[in-house]
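Engineer: Take a look at this one; I'll ask things after.
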Amino acid sequence: AYKFGKPSEKAPVRLDGYFLSIRRPGEFPVNFWIGKIPTPVGKFSPRSYSHVNPLIGYPLAYQYKVPYNVFTLSSETSNLPLRDRNLGAGTSIYEACWITGLSAFGNLDGTEYMVAIGRGTLTNPEARENKGFQIAGRVGRSFNNWLTAGVSGGIAPYLQHSTGLPSGTSIRDPKHLILGADAGAKFNNLNLVFEAFYNSWDTPQYQSEKNIHAFAWYLEGRYFILSNLYAAARLDQVRYNNITNPATQQETPWGYDITRIEAALGFSPIREVLIKAVIQRNSYDHPAIQNITIYALQAALRFEHLQKFLGMDDE
């Protein structure tokens, strides 16, 4: 399996994910992925593909970059300008680029599980350069065929470079910790998904705080008006805790909260094609940034069943 990423001048084609799948070796109730493996926490990774995602955007927890430098350790004086200029560095989860490692997953009496170990981290895939490992995973269960719930977690050294480390601190000492919970429900034509994540980054260079925190959550719903026509919406938010500003000694958030509302209509004229019209509104607590509204149209074509549709299936 593989996943393409955004091309660049240096790499006309970029593979963000590729892995070997081993299914139930020796009839054991466990499966393996080896390579650049899918995100092992939360429930969005399988729904991130354009023909599955009911909207166009990703939840903030899976893509939005927070104003904290996860590449080189830095102080409040260096990170607060990122907040003020609305520039991001690390993420809660970077779904756009998978990490290299090994996943073990399966289902035991209705309880699904996934455990992964790899180089790189959810907050910074380039942290593989520190030679540390990320351990992450999820456990979930289905109830009554209409309700699912699960918990996730992961921890890893997140720094990419050793510059700025205090004396006696190793590049693998500062950790990123993520804890999550998710739930899903299906009611006739209505599907609901909820996820929430708590993030903590160790901050050895900060004067007062040993770590900083961010909380991300979203609630998503999709209602099928017809079997091939639906309306969908997602309410999404990232919130930050306060730190001490070394210049003023006053408490201030290390990032400005953001709230996103995205709504869409989706239509499938045939099974292999999905057309989505979307409006997305982003509201910032940033004092200098106005609300940002985005309109988008997307068409997704998948090749599953296409041979049969074109009359090329021999059966």
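The values are calculated or read from the model by the stated rules, or taken from the named source; none is laboratory data. Remember, predicted model here, so these are calculated numbers, not experimental data. Cβ coordinates were reconstructed from backbone atoms using ideal geometry, including for glycine residues, and neighbour counts include every protein chain displayed. Note: areas computed on protein heavy atoms with side chains; ligands, DNA, RNA excluded. Shrake-Rupley method; radii C 1.70, N 1.55, O 1.52, S 1.80 Å.
Engineer: Hey, got a sec? Which trypsin sites (Lys or Arg not before Pro) in the stretch 254-307 land in a DSSP loop and have at most 16 other Cβ atoms within 10 Å?
Structural biologist: 271, 302
Engineer: Counting C-alpha atoms alone, how compact is the stretch 185-258: give Rg to one decimal and Dmax as a whole number, in angstrom.
Structural biologist: According to the Cα coordinates of the stretch 185-258, Rg and Dmax are 19.0, 58 Å.
Engineer: With a 1.4 Å probe and every protein chain kept in, tell me what percent of the accessible surface of the stretch 1-146 is carbon plus sulfur.
Structural biologist: For the stretch 1-146, the apolar C and S fraction of the accessible surface comes to 60 percent.
Engineer: In square nanometres and to one decimal, what's the mean projected area of the convex hull around the Cα atoms of the stretch 51-92?
Structural biologist: 3.7 nm²
Engineer: If you roll a 1.4 Å probe over the heavy atoms of the protein chains, what accessible area per residue do you get for the stretch 151-197, in Å²?
Structural biologist: Per residue, the stretch 151-197 has 47 Å² of solvent-accessible surface.
Engineer: Determine the equivalent ellipsoid of the stretch 142-240 by diagonalising the alpha-carbon gyration tensor, then write out the semi-axes as square roots of 5 times the eigenvalues, largest first, rounded to whole Å.
Structural biologist: Values: eigenvalues 321, 37, 23 Å².
Working from the Cα gyration tensor, I get semi-axes of 40, 14, 11 Å.
Engineer: Per 10 Å bin, what percent of the C-alpha pairs of the stretch 221-285 does each bin hold, from zero upward?
Structural biologist: All Cα pairs considered, the percentages come to 19, 30, 20, 15, 10, 5, 0.
Engineer: Let's see if you can work this out: charge +1 on each Lys and Arg Cβ, -1 on each Asp and Glu Cβ, no other charges. What is the dipole magnitude of the stretch 101-190 about its Cα centre, in debye to the nearest 20?
Structural biologist: Numbers: 8 positive and 6 negative charges, 16 e Å.
The calculated dipole for the stretch 101-190 is roughly 80 debye.
Engineer: How big is the charge dipole of the chain about its Cα centre, in debye rounded to the nearest 20, if each Lys and Arg gets +1 on its Cβ and each Asp and Glu gets -1 on its Cβ?
Structural biologist: 260 debye
Engineer: Measure off 7 Å from each Cα along the Cα-to-Cβ vector at residue 295 and residue 227, then give the distance between these two points in nanometres to one decimal.
Structural biologist: Spacing of the two 7 Å Cα→Cβ label points: 3.3 nm.
Engineer: With point charges of +1 on the Cβ of Lys and Arg and -1 on the Cβ of Asp and Glu, referenced to the Cα centre of the stretch 1-149, which listed residue (139, 103, 74) lies farthest in the positive direction of the dipole?
Structural biologist: 103
Engineer: Sort the stretch 1-133 into rounded, prolate or oblate with this rule: let a ≥ b ≥ c be the square roots of the eigenvalues of the Cα gyration tensor; rounded if a/c is under 1.5, and if a/c is not under 1.5, prolate when a/b is larger than b/c, oblate otherwise.
Structural biologist: prolate
Engineer: I would also like to ask the following. Hey, what's the Cα Rg ratio for the stretch 166-306 versus the globular rule of thumb, 2.2 N^0.38 Å?
Structural biologist: So the stretch 166-306 has a normalised radius of gyration of 1.44.
Engineer: Across every pair of different alpha-carbon atoms, what Kirkwood hydrodynamic radius in Å does the stretch 10-75 reach?
Structural biologist: This gives a value of 15.4 Å.
Engineer: Let me know the Kirkwood hydrodynamic radius for the chain, please, with Cα pairs as the basis and the value in Å to one decimal.
Structural biologist: Computed over the chain, the radius equals 21.2 Å.
Engineer: Equivalent-ellipsoid semi-axes (√(5λ), Cα gyration tensor) for the stretch 166-224, whole Å, largest first?
Structural biologist: Working from the Cα gyration tensor, I get semi-axes of 39, 10, 6 Å.
Engineer: Rounded to two decimal places and with Rh computed the Kirkwood way over Cα pairs, what is Rg over Rh for the stretch 104-187?
Structural biologist: 1.15
Engineer: Please report the net charge: other residues with Cβ closer than 9 Å to the Cβ of residue 202, K and R +1, D and E -1. If you can, show how the numbers build up before the last one.
Structural biologist: Details: positive: 175, 210; negative: 173.
Summing Lys and Arg as +1 and Asp and Glu as -1 gives +1.
Engineer: With only Lys, Arg, Asp and Glu charged, each at its Cβ (+1 for the first two, -1 for the last two), find how big the charge dipole of the stretch 28-94 is about the Cα centre; round to the nearest 20 debye. Intermediate results must be reported in sequence, preceding the final value.
Structural biologist: Values: 6 positive and 2 negative charges, 37 e Å.
Taking the Cα centre of the stretch 28-94 as origin, the dipole is about 180 debye.
Engineer: Taking N as the number of residues in the stretch 116-161, what is its alpha-carbon radius of gyration divided by 2.2 N^0.38 Å? Numbers along the way, then the final one.
Structural biologist: On the way: Rg = 14.5 Å, N = 46, 2.2 N^0.38 = 9.4 Å.
This ratio for the stretch 116-161 stands at 1.54.
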